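To start, the structure itself, in structure tokens.
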Amino acid sequence: MLLKYEKALLFNPPVGLYQRGEDRCQAEVDGGSATSLRPPNDLGYIASMLRQIGVTPVIADYPAEKKQWNHFEEDLNTIHPDFLVMSITTPTIKDDMKAFSLAKALNPGIFTIAKGAHFYTCNKEDFKEAIYDVMDIAIIGEAETIINNLILAKRNRSDLSNVRGILLRNHLNQIVQTGPEPFWTDLDKIPFPARDLMKNHLYIRPDTGEPQATIQTSRGCPSQCIFCLSPLISGMKLRERSVGNIVAELEECVNKYSIRNFFFRADTFTMNKKSVIELCREIINRRLNIAWVANSRVNTIDEERLVWMKKAGCWLVAFGIESGNDEIQKIIKKGTTRAQAREAVKLCKKLGVKTYGFYLIGFPWETKDMIMDTLQLAKELRCNFSEIHIAVPYEGTEFHKIAKDFGILTETAVGHNYFSNPAIGTLHVSKDELITLRKKALKSLYLSPRYITSTLIHIRSLEEIKNYARYGFRLLRNLLQH
């Protein structure tokens, strides 16, 4: 007898605002200086795939909707889902498990599935802890390429250990990881996220408050940064969507959902110069009249690329600058220098494109002076927005192994975040000192009269004033917290 498995609830649990859908980034939104919430594209992709096998999905982003556990229970009782798919983060995973616990209490037979970066690299023995008993399956890989095989196997009562890319308990209660699902090279095969199931107005461009969608343009990163999860999550080979496929999704957003602001998500959007220019030309040719932001490395940007990007509507580029100390840059295998950071930001200013600088402190070798090099570079570059992360030693990264070898890793990354609760200090600087240095740096960057005056001069509407004030008060609250 076949099982139906026709109704699914795909959700972010009510455990605070985190960037859950972009597995390499697990930021606590309210803890950042200028971080804005992005839509749950991961759940949107899963929903679109499930529709292909006759499943009726519902997407719920409880934190974004300011909903609590009672709303989750109400949805369980109203929707009566056959299975759940929850997006988790490493900082919140244990709190997230409450969702499965509540669901099992209401329906012991409900099938519970979790997805998130944590499952790629963590110690699988950790899941013998009782709190994880309510989790039936964890997906290890790009969930949208695995979910249908899993549900079809469940419907057919097949042996789930034959499904690639999952973690499960066998009949002996042993934790078993199946073989990996190969990365899909043809990303055009993946349907667009099911935006009809999302409350798109909740995910906004931070300055104007207009709806902003995320467009995944490529996957994979050939860089070798020791702290980053990207090579583990999406591989080291760059896999690009076709320009036609990307633009079709943009047109759907514009014409069907009236969204004209976008975040072009990629491990590094500017990695392939030819593709960048080709996409920009097509956006211009289609007269989409959109505005967008993208991330970059300081050594994958040049004037030709940036000119085309601006013509096509790019108003901000985010750079992973990381350290202001070239010695640290070499050790962490970033492959860029202070000089390149200066040139990249200078070029953006010349062409009138705003910049968002991301910096990273807290590597094992760093002394206070080395960290100050980074903070001084941030002050020198004067990006329009700046964020300072404290490095988290995620399992599976080279950084994790080094921290463990140095004896400074005494606990896992579970429960920790890179704004206010780091997992480790350095050999020379304590965790508390790292938090203090981050706060002092952000104060000097954002509360300087020069920055405030420059920001106010470029504000063009009352709505922008309101949004800058909202982010400003949030930042001030974070900086004043002990």
In segment 231-254, which residues are touching a strand residue (DSSP E or B) at 6+ places or on another chain (Cβ under 9 Å) and either free of Cβ contacts under 8 Å to residues at least 12 places away in the same chain or not basic (Lys, Arg) (or both)? Ile233, Ser234, Gly235, Leu238, Glu240, Ile246, Glu249, Leu250, Cys253
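What residue, of Ile79, Ile151, Ile110, is surrounded by fewer than 18 Cβ atoms within 10 Å (Cβ to Cβ), β-branched (Val, Ile, Thr), over 24 Å from Cys25 (Cβ atoms) and in the same structural domain as Met49 (by TED's automatic domain parsing)? Walk me through it before giving the result.
On the way: Ile151 fails: surrounded by fewer than 18 Cβ atoms within 10 Å (Cβ to Cβ); Ile110 fails: surrounded by fewer than 18 Cβ atoms within 10 Å (Cβ to Cβ).
Sole residue among the options that is surrounded by fewer than 18 Cβ atoms within 10 Å (Cβ to Cβ), β-branched (Val, Ile, Thr), over 24 Å from Cys25 (Cβ atoms) and in the same structural domain as Met49 (by TED's automatic domain parsing): Ile79.
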In segment 368-398, which residues are of a type outside the set (S, T, N, Q), crowded, with 21+ Cβ neighbours inside 10 Å and assigned to a helix (DSSP H, G or I)? Ile371, Leu375, Ala378, Leu381
Quick one: in segment 182-230, of everything that is free of Cβ contacts under 8 Å to residues at least 60 places away in the same chain and within 30 Å of Gly362 (Cα to Cα), which residue is surrounded by the most Cβ atoms within 10 Å (Cβ to Cβ)? Cys221
Those residues that are assigned to a helix (DSSP H, G or I), among the aliphatic types (A, V, I, L, M) and more than 13 Å from Thr268 (Cβ to Cβ), I need them from segment 331-345; list them, please. Ile331, Ala339, Ala341, Val345
Regarding Asp42, is this residue modelled with pLDDT of 95 or more and surrounded by 21 or more Cβ atoms within 10 Å (Cβ to Cβ)? yes
Just one of (1) free of Cβ contacts under 8 Å to residues at least 60 places away in the same chain; (2) under 28 Å from Ile147 (Cα atoms) trips up Thr270, so point out which. (2)
Quick count over segment 386-431, residues being closer than 21 Å to Val15 by Cβ and over 22 Å from the mean Cα position of the chain (by Cα), is 1
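So, in segment 1-54, how many residues would count as being in a loop (DSSP other than H, G, I, E, B) and within 23 Å of Phe419 (Cβ to Cβ)? First the steps, then the outcome.
First, pick out the residues of segment 1-54 that are in a loop (DSSP other than H, G, I, E, B): 1-6, 13-17, 19-27, 32-40, 52-54.
Okay, now just the ones that are also within 23 Å of Phe419 (Cβ to Cβ), so 13-17, 19-27, 32-40.
Qualifying residue count, segment 1-54: 23.
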Taking segment 269-284 only, how many residues are surrounded by fewer than 21 Cβ atoms within 10 Å (Cβ to Cβ), among the β-branched types (Val, Ile, Thr) and under 30 Å from Gln224 (Cα atoms)? 1
For segment 164-278, give me every one of the strands (runs of 3 or more DSSP E) that falls completely inside it and has 2 or more residues that are modelled with pLDDT of 95 or more and within 27 Å of Ser386 (Cα to Cα). 212-216, 261-265
Counted residues in segment 127-142 being within 20 Å of Leu229 (Cα to Cα) and in contact with a Leu (Cβ under 9 Å, 6 or more places away or on another chain) come to 3
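Listed here are the residues, each with its yes/no results for (1) buried (at least 23 other Cβ atoms within 10 Å of the Cβ); (2) modelled with pLDDT under 95; (3) at negative phi; (4) assigned by TED's automatic domain parsing to the domain that holds Gln224.
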site: His400; (1), (2), (3), (4): no, yes, yes, no
site: Phe406; (1), (2), (3), (4): no, yes, yes, no
site: Thr410; (1), (2), (3), (4): no, yes, yes, no
site: Val414; (1), (2), (3), (4): no, yes, yes, no
site: Asn417; (1), (2), (3), (4): yes, yes, yes, no
site: Pro422; (1), (2), (3), (4): yes, yes, yes, no
site: Thr426; (1), (2), (3), (4): yes, yes, yes, no
site: Tyr446; (1), (2), (3), (4): no, yes, yes, yes
site: Thr453; (1), (2), (3), (4): no, yes, yes, yes
Which residues, taken from segment 285-330, are part of a loop (DSSP other than H, G, I, E, B), surrounded by 22 or more Cβ atoms within 10 Å (Cβ to Cβ) and polar (S, T, N, Q)? Ser323, Asn325
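For every residue, the table says whether it meets (1) without any contact (Cβ under 8 Å) to a residue 24 or more places away in the chain; (2) assigned by TED's automatic domain parsing to the domain that holds Glu304; (3) over 30 Å from Lys401 (Cβ atoms); (4) among the aliphatic types (A, V, I, L, M).
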{"residue": "Ser323", "(1), (2), (3), (4)": "no, yes, no, no"}
{"residue": "Gln329", "(1), (2), (3), (4)": "yes, yes, no, no"}
{"residue": "Lys334", "(1), (2), (3), (4)": "no, yes, no, no"}
{"residue": "Ala344", "(1), (2), (3), (4)": "no, yes, yes, yes"}
{"residue": "Phe358", "(1), (2), (3), (4)": "no, yes, no, no"}
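The values are calculated or read from the model by the stated rules, or taken from the named source; none is laboratory data. Predicted model only: the values in this text are computed from it and were never measured. Cβ sites come from the backbone with ideal geometry, for glycine too, and all protein chains shown count toward neighbours.
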